[in-house]
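Worksheet for the structure shown next.
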Amino acid sequence: MSAESAESGAGAAQAGADCLFCRIVAGEIPATVVHETPNTVAFRDVDPQAPTHVLIVPRRHVPTVVDLVDASPGELAELVRAVGDVARMEGLDRGYRTVFNTGREAHQSVFHAHVHVLGGRSMTWPPG
Ligand code: AMP
């Protein structure tokens, strides 16, 4: 069970019309889509934290990345492959950061699995 599911069980209930990223995947809410595969969609974050800030989501509604690997390891592999494609397309040859926020304490705010791809500036560690 994912962190969010364990907290509230709200993830499944948020699917479809109630889920922001489901609605972006369906084309109901506009987004700047930069890459698509049969099972993933990548679009620019509306509040970018770096010169490149792209979110890659599975088309399937699952609350977290752990739920995605449980549901379909192949779709998780496709998501990670899309990270490499986006990084190449964005020219992030000097490096980039990938972030899966999982659960409220980790600052996950949209409970549809997604990976942040951040690049185009130097990163610091530890993250805040
Ligand atoms: P997280 O906090 O890890 O759940 O990330 C959710 C991300 O979705 C945040 O970085 C938001 O800026 C981003 N976001 C929220 N609404 C939109 C939107 N309509 N289009 C693109 N990105 C969005």
Completion exercise
Summing -39500 (n - 2.57) over every DSSP H run of at least 4 residues in the chain and dividing by its residue count gives a helix-only mean residue ellipticity at 222 nm, to the nearest 500 deg cm²/dmol, of -8500 deg cm²/dmol
Exercise for the section: With everything on Cα atoms, drop me the angle between helix 73-89 and the longest principal axis of the chain, reported from 0 to 90° to the nearest 10. Expected result: 30 degrees
Fill in the blank from the handout: Computed about the Cα centre, the charge dipole of region 3-119 from +1 Lys/Arg and -1 Asp/Glu charges at the Cβ has a magnitude in debye, to the nearest 20, of 240 debye
Practice task
Work out how much length residue 89 to residue 69 would gain on full extension: take 0.36 nm times their residue separation and subtract the Cα-Cα distance, in nm to one decimal.
Solution key: 4.7 nm
Practice task
State the three equivalent ellipsoid semi-axes of region 3-119, derived from the C-alpha gyration tensor as the square roots of 5 times its eigenvalues, in descending order and whole Å.
Solution key: 22, 15, 14
Problem - Taking region 3-119 and dividing mean pair separation by its residue count, relative contact order in percent (alpha carbons under 8 Å, at least six apart) - result: 32 percent
Problem - Amide H contacts of residue 101 (H built 1.01 Å from N, under 5 Å, at least 5 apart or other chain) - result: 116
Handout entry: Sites residue 28 and residue 105 - FRET efficiency at Förster radius 35 Å, r taken between beta-carbons, to 0.05
Key = 0.70
Fill in the blank from the handout: So, over other residues within a Cβ distance under 12 Å of residue 74, counting Lys, Arg +1 and Asp, Glu -1, the net charge is 0
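No value in this document is a laboratory result; all are computed from the given coordinates. What you see is a predicted model, and the numbers here were worked out from it, not measured in a lab. Reconstructed Cβ throughout: ideal geometry from the backbone, glycine too, with neighbour counts over all protein chains shown.
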